[in-house]
Structures are given as C-alpha cells and as structure tokens.
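There's a structure below that I have some questions on.
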Amino acid sequence: MKKKNPVWGARLKGTRSDIMDRINPSIEIDKRLYVEDIEASVVHCQMLVKQKIISKSEGSKITLGLKKILQEIKKGKMKFNPELEDIHMNIEFRLKQLIGESAGKLHIARSRNDQIATDFKLWIKKSINAIDSNIVQISLTLVKKAEKHVFTVMPGLTHLQNAQPVSFAHHLLSYYEMFKRDRARFSSVKKRLNKNPLGTGALAGTSFPIDRMMTTKKLGFDSPTTNSIDSVSDRDFVIDFLFGCSVCSMHLSRLAEDIIFWSSSLVNFTRLSDNVSTGSSMMPQKRNPDSAELVRGKTGQIFSSLYSILTVMKALPLSYSKDMQEDKKITFETYDNLNLCIETMNEVVKHLQINKKSMENAALIGYTLATDLTEWLVKNLNLSFRDAHSLTGQIVNYAEKNRLSLAEINLSVFRKFHPQITKNIYKVFNLKNSIESKKSFGGTAPQLVKKAIVCAKKELK
C-alpha cells in the first residue's frame, strides 16, 4: 500500500513507495542521540529567545516541552514513528503534540544537517569520556599485575622466537604504554572535533541574527565552525573516532593473542580463570580462552567500521548527502564493541594466574643469554661488537652441537675460543643478572620497572 508522505506532503504530493519505508528511516539507529538532540535544541531555543527571534513565552513552552519529552524517552513512554524518519523529526512532532504550533519555531535558523552534526559531535565527546574511563581501568589492572611480577623472568620474543630474558612486569607495562597512547589519541580526537556546527543551517548559514558564540559556549564547544559548507558535510570527526577505536582494539587484540599463546598447554605461562574460560562440547578436559579469542575476533568488526565510513565519504560531493546517514550505525556498534572488549580484557588480566616457574624455565631455552655473552666479551676483552657477535655465534654453535647450555661449557673450552676469557664469564649465565644489567632508560632492569610502575600510578590518578 502506498501512503502520503507525513513530513514532506506539502511539497511531495505523490504517494510514497513502500520501499522508502524500508530504506529511508533511521530512527531505530539514531534514537540513541535523543539526549544530545534535546540538549542542543534547548540551547538553540535559549539563543533564539536571547536574540528576540522568538518570544520568551514561546521559548519557555518549547523548553518545558523538550524536558518532558526527555523524561518520556528515558522512561520508555515515547513511541517512535518510522514515518517521521529520524530522532529529530520524532522529537519535533512530539513537541507539537505537547505545545501546539509553537513547536515549529524551534527549527528557525537550523537544518537537520547542522543539527545532526552537532548531536553526533556531542555524543562522540561523551563516548570518548566513557572509553577513557574503561582504558584507565584496564591500565590500572595491568599496573597492579605488573607490581607483583617485577622479578618474574620470562623469555622476550622476536619473530616468535626466544630472544632475551625480560621481566614479566616489563612486558605487561608495554601494554600500559599502548593504552596511554590510546588515551592521548582519543583526547586529540575530542580536541579536534570540539567546534560547533549549530547555526550553519542546511549549508549556507542563515539570515536570522543568531548568536553562534552563545550556543558554542553553552554546549561546551571551543569555537564555532568557520565554513557552513564544511560544517554540515564534515565527518572527519567520525573517521578520527573510528580510527582511535581501531588502534585501541588492535592493542587489545595483541594482548589477547599474547594471553592465548601463554595459556596454551604447550607454553603454560598463564592460566585463565574459570569465569572467562569455556569448555568443549566433546572434549571434557578442554579449557578454552574464548574470552580473549572473541576480543581478537571483534577487532575485525571494529576495523571494518573505519573502512566503511571512509568508503561512504570518499566520493561525496559537497555538501550533504543522505549517504552520511550510514555513519551512526557503524559508530554506535563500534563504540559498544570496543567497550565490551576493554571490559573483557580487564577481567581476563585481573584474574590471570601466572606460572612463574614455567616462564623462568622457558627464558633459558634457545640461548637467550647469548647477547649478554656478546656484551661481556666487548666490555672485558675490548673486542668490537661485530667480532664479539661472531665469537658468540661460534660458541652457541658449539653448545648446540654438543647439547649443552652456555653455563655448561667448560672454561677450558671457552679459552679455546678466546684465551683471555675468565671464570667471571659464568656470571653472565644467570637470568637475574641478565635483567638487572639492562639499566638503560626504558630497559627491563627491576629498578627501572619499579620506577615505571610508580610513574604509571601517578599518570592514572
């Protein structure tokens, strides 16, 4: 059945195809913006009153009506009508039901184009605050876990091969650094988007004597946008936000991958608690790291949101096109997924059990102290690094061929490689000595790790 258009009937006299009822409405998605839409509408109304564009009594009726609608929506009492397309028109029509024709004056000097840009910016600002709060929580969890494992030694890997011994706390704090950058990145996004598009109209501005500085101040923006065309067509702030979400989710995925690897029965560095593990429908012995795997999987969804909005925007002519309606769904889903992933990994790390002995045993596999040996040769025999590197390679080949650890090689054998090698060389073959020697700024030495923990705690206050 074809229907009259309830919104645009004055201009569009023909009947509306049923297909438009399926593709055009966005209310089921953008109703999530109701708080921001009403907030911006109240401020816009106050500005119209101040500028004497509408009367005080009209402004009062509009404001009271909007506040009533806010409560109705919060209590689940307002019915949204898909025929009214979006949250903006649904609120405006409900306002008309409540206060009559005065409701129509609220839309003076604005368009849905600048309205949605304003609402969406306000929502993203609040969302960044919520994400930041969650990042702080997982950062605190990592720091607390690190505090307990400053002297726990594990193999540091390159190319997924044992490389050098490191403090487990040092490894955990590497993720703290990632999340610290995520916080800074989101803060930068918030700063860049903090310009107010309200009052730029459909694309050209308005002839009404509005005060954009007033609405800017009241809505918490730093300044008004400076070009009306760009104001309504810009979605850089969405792209920036989704990029920040993508990078953060990538960090979470790397953490998840580490924990999945560590929890493998072949590695046995860690054990996930029961509350974040699952079993097998067939194999009763299984303990699966599904929580971490799901986080790793959701990263793909989050990445796709960034690619989606870039694709939507890549060839849009100025200024506004309805294609941009697609930005809300992917942004809301990304926000929900990212927060869920952060909260999940926080729970995983919080209850993660650490097998110190297994870590320390593994830290000696693969001649991980070879670099320490090289540095000893440089410092004690005055060799160049390249000569010492070559000599160490020969020693490792000998040890590997004879199935010996470096510590098991006899001093007389060492002296065949270089006659000036002394028994002090055996001090090198100690995990504790190895990590304590890495005192360069940013290194894995326990004293540096402790300082890093203190610093992190201060930054998280």
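Need pairs with beta-carbon distance below 9 Å; first residue acidic (Asp, Glu) and within the stretch 248-264, second at pLDDT 95 or above and in a helix (DSSP H, G or I); sequence gap 6+ or separate chains.
Listed pairs, sorted by first residue: Glu257/Arg296; Asp258/His171; Asp258/Tyr175.
If you don't mind, there's one more thing I want to ask. Look through the stretch 112-126, keep the residues that are of a type in the set (S, T, N, Q) and buried (at least 21 other Cβ atoms within 10 Å of the Cβ), and return whichever of them is nearest to Val454 (Cα to Cα).
The extreme case among them is Thr118.
Please determine whether any residue of the stretch 123-138 is within 26 Å of the chain's Cα centre (by Cα) and either modelled with pLDDT under 95 or of a type in the set (Phe, Trp, Tyr) (or both).
The answer is yes; a qualifying residue exists.
With the checklist (1) touching a helix residue (DSSP H, G or I) at 6+ places or on another chain (Cβ under 8 Å); (2) assigned by TED's automatic domain parsing to the domain that holds His170; (3) without any contact (Cβ under 8 Å) to a residue 24 or more places away in the chain in hand, flag the one item Gly297 doesn't pass.
(1)
Let me ask you something else. List every residue pair whose Cβ atoms lie under 8 Å apart, where the two residues are 6 or more positions apart in sequence or sit on different chains, the first residue falls within the stretch 127-146 and is within 14 Å of Glu343 (Cβ to Cβ), and the second residue, located anywhere, is of a type in the set (S, T, N, Q) and at pLDDT 95 or above.
Close Cβ pairs satisfying both conditions: Ala130/Asn339; Ile131/Asn339; Asp132/Ser187; Asn134/Asn339; Asn134/Asn346; Gln137/Asn346; Ile138/Asn346; Thr141/Asn346.
Another one. Would you be able to tell me the number of residues in the stretch 409-455 that are of a type outside the set (A, V, I, L, M) and under 26 Å from Phe168 (Cα atoms)?
Number of matching residues: 21.
Conditions tested, residue by residue: (1) over 16 Å from the mean Cα position of the chain (by Cα); (2) in a helix (DSSP H, G or I); (3) within 30 Å of Ser228 (Cα to Cα); (4) modelled with pLDDT under 95.
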{"residue": "Gly300", "(1), (2), (3), (4)": "no, yes, no, no"}
{"residue": "Ile309", "(1), (2), (3), (4)": "yes, yes, yes, no"}
{"residue": "Tyr320", "(1), (2), (3), (4)": "yes, no, yes, yes"}
{"residue": "Asp336", "(1), (2), (3), (4)": "no, yes, no, no"}
{"residue": "Asn397", "(1), (2), (3), (4)": "yes, yes, no, no"}
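Answer with yes or no whether Ile435 is under 24 Å from Val396 (Cβ atoms), outside any loop (DSSP other than H, G, I, E, B) and free of Cβ contacts under 8 Å to residues at least 60 places away in the same chain.
Answer is no for this residue.
Tell me the residue from Ile91, Ile54, Ile87 that is in contact (Cβ under 8 Å) with a residue 60 or more places away in the chain and touching a helix residue (DSSP H, G or I) at 6+ places or on another chain (Cβ under 8 Å), please.
So the residue among Ile91, Ile54, Ile87 that is in contact (Cβ under 8 Å) with a residue 60 or more places away in the chain and touching a helix residue (DSSP H, G or I) at 6+ places or on another chain (Cβ under 8 Å) is Ile87.
Which of the residues belonging to the stretch 400-422 are touching a Leu at 6+ places or on another chain (Cβ under 7 Å), over 30 Å from Val150 (Cβ atoms) and part of a helix (DSSP H, G or I)?
If the condition is that a residue be touching a Leu at 6+ places or on another chain (Cβ under 7 Å), over 30 Å from Val150 (Cβ atoms) and part of a helix (DSSP H, G or I), then Phe417 is the only one that fits.
Still on this structure: For the stretch 355-397, enumerate the residues that are in contact (Cβ under 8 Å) with a residue 60 or more places away in the chain and more than 21 Å from Thr422 (Cβ to Cβ).
Within the stretch 355-397, Asn355, Lys356, Ser358, Met359, Glu360, Ala362, Ala363, Leu364, Ile365, Gly366, Thr368 qualify.
Going through the stretch 338-357 one residue at a time, which ones are part of a helix (DSSP H, G or I) and among the aliphatic types (A, V, I, L, M)? Even if it seems obvious, please write down each step before you answer.
Going through the stretch 338-357, the residues part of a helix (DSSP H, G or I) turn out to be 338-350, 356-357.
If the condition is that a residue be part of a helix (DSSP H, G or I) and among the aliphatic types (A, V, I, L, M), then Leu338, Leu340, Ile342, Met345, Val348, Val349 are the ones that fit.
Of the conditions (1) surrounded by fewer than 18 Cβ atoms within 10 Å (Cβ to Cβ); (2) within 28 Å of the chain's Cα centre (by Cα); (3) of a type in the set (A, V, I, L, M, F, W, C), Val413 fails just one. Which one is it?
Against the list (1) surrounded by fewer than 18 Cβ atoms within 10 Å (Cβ to Cβ); (2) within 28 Å of the chain's Cα centre (by Cα); (3) of a type in the set (A, V, I, L, M, F, W, C), Val413 comes up short only on (2).
Does the stretch 12-45 hold any residues that are among the hydrophobic types (A, V, I, L, M, F, W, C) and either more than 26 Å from Ala103 (Cα to Cα) or buried (at least 17 other Cβ atoms within 10 Å of the Cβ) (or both), and which are they?
Ile19, Met20, Ile23, Ile27, Ile29, Leu33, Ile38, Ala40, Val42, Val43, Cys45
Also, I was wondering about something else. Within the stretch 194-220, which residues are surrounded by 22 or more Cβ atoms within 10 Å (Cβ to Cβ) and not polar (S, T, N, Q)?
Pro197, Leu198, Gly199, Ile210, listed by residue number.
Applying the selection to the stretch 382-402, what residues are exposed (fewer than 12 other Cβ atoms within 10 Å of the Cβ) and either among the hydrophobic types (A, V, I, L, M, F, W, C) or touching a strand residue (DSSP E or B) at 6+ places or on another chain (Cβ under 8 Å) (or both)?
Phe385
The values are calculated or read from the model by the stated rules, or taken from the named source; none is laboratory data. Given the structure is predicted, the values throughout are model-derived calculations rather than measurements. Reconstructed Cβ throughout: ideal geometry from the backbone, glycine too, with neighbour counts over all protein chains shown.
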